[in-house]
1. Excluding GLN96 itself, what net charge comes from residues whose Cβ is under 12 Å from its Cβ, given Lys and Arg +1 and Asp and Glu -1?
2. Once the piece of chain linking ALA65 and LYS86 is laid out straight, how much longer is it, given 0.36 nm per residue of separation minus the C-alpha distance between them?
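Rule-based calculations on the coordinates, nothing more; no lab input. Worth saying up front: this structure is predicted, and the values here are computed from it rather than measured. Note that we place each Cβ from the backbone using ideal geometry, even for glycine, and neighbour counts take in every protein chain shown.
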Amino acid sequence: MGNLLAMLTRFGEEEKDLINEETIELLAPYLELKFRDDPERSVFTGDVAKGSSHALKGMCDWCSAMSAYHKASKIVKPKLKLLQIKAAELKVAEDQLAAAQAELKAVIEKKAQLDALYAEKQEIKDRMQAEANKLKRKMD
């Protein structure tokens, strides 16, 4: 029993995920067993078992917890995988957004340069037009 308890205390994340459906199926009748005189109360609980042995109490609690973990992980694991996929998609989209924003910044800077050049050329044109008008009046 000491080796079993030592093994169970070292039962890590990887081992919890190795519990298969068959093991849960074999454990289910024990976990679902109820008292005849009190059908709301489960026989396979730590409170019932602690009258016999504290180790048995721990074993009952552990089995119940592993069964609950397995049932919850069947719901959570697909969602975690989907979360990882969506996080990767988000990363790609954020990278694309950053590239588009960098391109937009370059275009805005180029437009600002062209606007400045246009304003400079417009000023030269206006000055030349004014000079041409002045010469035309002089000629007239």
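1. On the way: positive: LYS91; negative: GLU89, GLU94, ASP95, GLU103.
Summing Lys and Arg as +1 and Asp and Glu as -1 gives -3.
2. On the way: separation 21, 0.36 × 21 = 7.56 nm, distance 3.00 nm.
Stretched fully, the ALA65-LYS86 segment lengthens by 4.6 nm.
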